[in-house]
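Take a look at the structure below.
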Amino acid sequence: MPTTPHPASPQVPDVAGRFGEFGGRYVPETLVYALDQLVVEYESAQADPQFQVELDDLLKNYVGRPSPLYHAKRLSQVCGGAEIWLKREDLNHTGAHKINNTLGQALLTLRMGKQRVIAETGAGQHGVATATACAHFGLDCVVYMGEEDIRRQAPNVFSMKLLGAEVRPVTSGSRTLRDAINEAMRDWMSSVETTHYILGSVVGPHPFPMIVRDFQAVIGRETIAQCRLRFSGLPDLVVACVGGGSNAAGMFFPFVESTKVPLVGVEAGGRGNQPGDHASPLTYGSPGVLHGSFSYVMQDEDGQTCDVHSMSAGLDYPGVGPEHSYWKDSQRVTYTSCTDSAAMAAFDALASNEGILPALESSHAIAEAMRLAKTMKKSARIVVCLSGRGDKDASELARLKGVKFG
Amino acid sequence: MSAIDSLFAKFRSENKKALMPFVTAGDPDLEFTAAVIRELVARGASMCEVGIPYSDPIADGPVIQASYTRALGKKIKLAGILDMLGGVAPQVDTPLVTMVSYAIIYRHGLEKYAAELAQRGVAGMIVPDLPVEESPQLAKICAARDLSLVQLITPTTPPDRALRIAATSSGFIYYVSVAGITGERTQLPPDLVERVSWLRQQTPLPVCIGFGVSQPEHVRLLAPVADGLIVGSAIVRRIAEANSQGRDTTISAVGDYLGTLLAALK
Ligand SMILES: Cc1ncc(COP(=O)(O)O)c(C=O)c1O
């Protein structure tokens, strides 16, 4: 008999960084000092009204928040069901939600008196957002990026360099996001005393999953306020894509206690459901340890991390943030998986019907929303987190579609 | 008492220092690993640390990472490694200890992993990604089977925390020489001797130094202040480099290298 799970609480994580049984801190002793320092600094920042004032000012005047909540009428019509609304994180400065987190963590870096920042990046959006925050504050910035991602997200690599960051190619393993995180952690092992690691998603050891979620929660808070203003209620469904899970966590977290609002996280389904063909640990994986955290992961019978696939560099990751594992097991959020081809079709639909080029990552969420909209009443409203814009993907899309430029 | 406790009790009474080589299991294959362990012990290694290859080792530098990648590329599995250890342990009179990621132990099952080590005569484990806060459950399981769970202290560990780690470690304390990843280093931190001397006054447990240790000068400098020294990347690199020259040559080259370190220990 299935047991009824404990309802998800927003009062997580605990002091050990646990979201239910997930999370924690599985890292070499060398890093514990820096993680403890970050916990202390974050607590002191939260208690300091000046910190929030400064961050809010940056979000408003530098990032351009609040990001609009846009009713995609033509797309909704084409789908023929529920209304589809888009939370336009793509309109943020640097083109994705990632900047919400990097500005917050850059402020923490300054408070800790550190002058050097490292980051990993997959799609390059977090790398660009980190390089941007560092340029803004005059911090040194090194970004680790897998060679495969350097190839498929070339425009972002150039942007990072223009912003003054050093991009270090990572050639180990599958040369994607997972390997970039390994390399950034190794850098941090030798540089903890002078360097802050701005991790880009709700993954990694405590306190990263909590801090990144908190900085991204502005997405969900704004969405709730905008829904109240635009249609005097809450949406009937909220959808977001899940790589490491930061845009989804930021969108979902403020909704956790509004249990009448179903939340759907969309993982990368890649080429299909066979091992190695997708990047959907919540859908097909099992609990295990990766990058310092206990969470769902794609692993073999020995606990070795498996290679995964997604056409979208930002979702091409075998792990996921521990709070998502907690939300999955407590059944607060439903997780599903969307294939490369469905995401590509959603990209085309949004481009041709709305004049918006979504990031390939976000296209996964759009695809699922389009699918679900058809099954819902016309009066129902779906909010999709449009986590980023697709300019960075144009050349890779052309390659995938077999189109040659010029 | 684990085999490691007995070893250090004996060494301390004889005023001897331990030299502990590290080898990656399955690089280039398990048969080789067994042979190289036998050779290292025959040459005078006091203990052997056996690295279980892991896909995402964040504490390891390029040399050990590459050895893990090679071994995993050859489909080396945990079951095969444990069998190999079961074969070697009775052939050598020194303790064997596994260096293993918590990701692997968790997946295998904590109880099961400990039981299988004990059954095969392995003396304990070092889990480089399991800080003291996360270790109580595994520590209990190890204690119940007389296995040592060796904990690590690093230059970034504050003194009060170091004492807490020392109190929960068993077998010995692994003192990491540098804030950083594994790999050979020509220079070790200038305050290393002082730090280790301090730690050794605080705890009855033996203290062994690892990370970077690779040259006879390191041995001469550090042996007087520690109970033992751990040599990893320098051995793994020699195995990788010498492999093209055939097994026997490689094995004796690695043995010769250990010999130069042992000579510095005298
Ligand atoms: C636009 C966009 N959306 C989503 C993601 C996936 O990350 P997360 O799941 O942390 O939001 C990325 C990551 O690079 C991204 O660039």
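The values are calculated or read from the model by the stated rules, or taken from the named source; none is laboratory data. Nothing here was measured: the structure is a model prediction, and the numbers come from that model. Here the Cβ is made from the backbone with ideal geometry for all residues, glycine too, and neighbour counts use every protein chain on show.
Odds and ends about this structure:
- Residues in the range A:341-372 that are away from the ligand (no atom under 15 Å from the Cβ) and closer than 12 Å to A:Val264 by Cβ were compared, and the one that is surrounded by the most Cβ atoms within 10 Å (Cβ to Cβ) is A:Leu372.
- Entry remark, the range B:94-132: residues being assigned to a strand (DSSP E or B) and under 21 Å from A:Thr30 (Cα atoms) number 4 in total.
- Close pairs (6 angstrom Cβ cut-off, 6 or more residues apart or separate chains): under 9 Å from A:Leu75 (Cβ atoms) and more than 14 Å from chain B (Cβ to nearest Cβ) in the range A:349-370, within 13 Å of the ligand (Cβ to nearest atom) and in a helix (DSSP H, G or I) anywhere: A:Leu350/A:Ile366
- Checking A:Met189 against (1) assigned to a helix (DSSP H, G or I); (2) away from the ligand (no atom under 11 Å from the Cβ); (3) within 30 Å of A:Glu83 (Cα to Cα), the condition it does not meet: (3)
- Where A:Ala184 falls short, out of the listed (1) within 16 Å of the ligand (Cβ to nearest atom); (2) within 14 Å of chain B (Cβ to nearest Cβ); (3) closer than 22 Å to A:Leu139 by Cα; (4) surrounded by fewer than 23 Cβ atoms within 10 Å (Cβ to Cβ): (4)
- Unique match (being more than 18 Å from A:Phe294 (Cα to Cα) and part of a helix (DSSP H, G or I)) among A:Tyr70, A:Tyr42: A:Tyr42
- Only listed residue being outside any helix (DSSP H, G or I) and of a type outside the set (Val, Ile, Thr), chosen from B:Leu19, B:Leu7: B:Leu19
- Here B:Ala144 qualifies as surrounded by fewer than 15 Cβ atoms within 10 Å (Cβ to Cβ) and either of a type in the set (Asp, Glu) or away from every other protein chain (no Cβ under 11 Å) (or both).
- Only one of the listed residues (B:Tyr68, B:Tyr113) is at pLDDT 95 or above, closer than 23 Å to B:Ile239 by Cα and within 11 Å of another protein chain (Cβ to nearest Cβ). That residue is B:Tyr68.
- Considered as a group, the residues in the range A:219-239 that are assigned to a helix (DSSP H, G or I) and among the hydrophobic types (A, V, I, L, M, F, W, C) include one that is surrounded by the most Cβ atoms within 10 Å (Cβ to Cβ), and that residue is A:Ile219.
- Among the candidates A:Glu166, A:Glu148, the residue that is more than 23 Å from A:Gly288 (Cα to Cα), within 16 Å of the ligand (Cβ to nearest atom) and either acidic (Asp, Glu) or within 14 Å of another protein chain (Cβ to nearest Cβ) (or both) is uniquely A:Glu148.
- Exclusive hit being of a type outside the set (Asp, Glu) and either more than 15 Å from A:Trp327 (Cβ to Cβ) or within 14 Å of chain B (Cβ to nearest Cβ) (or both), set A:Pro254, A:Pro275: A:Pro275
- Residues of the range B:56-74 that are polar (S, T, N, Q) and either out of contact with any Gly (no Cβ under 8 Å at 6 or more places or on another chain) or crowded, with 24+ Cβ neighbours inside 10 Å (or both): B:Gln65, B:Ser67.
- For B:Gly180: the one exception among (1) free of Cβ contacts under 8 Å to residues at least 24 places away in the same chain; (2) under 19 Å from B:Cys208 (Cα atoms); (3) not charged (D, E, K, R): (1)
- Subset of the range B:156-185 [at the interface with chain A (Cβ under 8 Å from one of its Cβ atoms) and in contact with a Leu (Cβ under 9 Å, 6 or more places away or on another chain)]: B:Thr156, B:Ile165, B:Val176, B:Val178
- The listed residues are A:Met160, A:Met189, and the only one of them that is touching a Leu at 6+ places or on another chain (Cβ under 8 Å) and either among the hydroxyl-bearing types (Ser, Thr, Tyr) or buried (at least 21 other Cβ atoms within 10 Å of the Cβ) (or both) turns out to be A:Met189.
- Within the range A:240-275, if we keep just the residues that are part of a loop (DSSP other than H, G, I, E, B) and at positive phi, the residue that is farthest from the ligand (Cβ to nearest atom) turns out to be A:Gly272.
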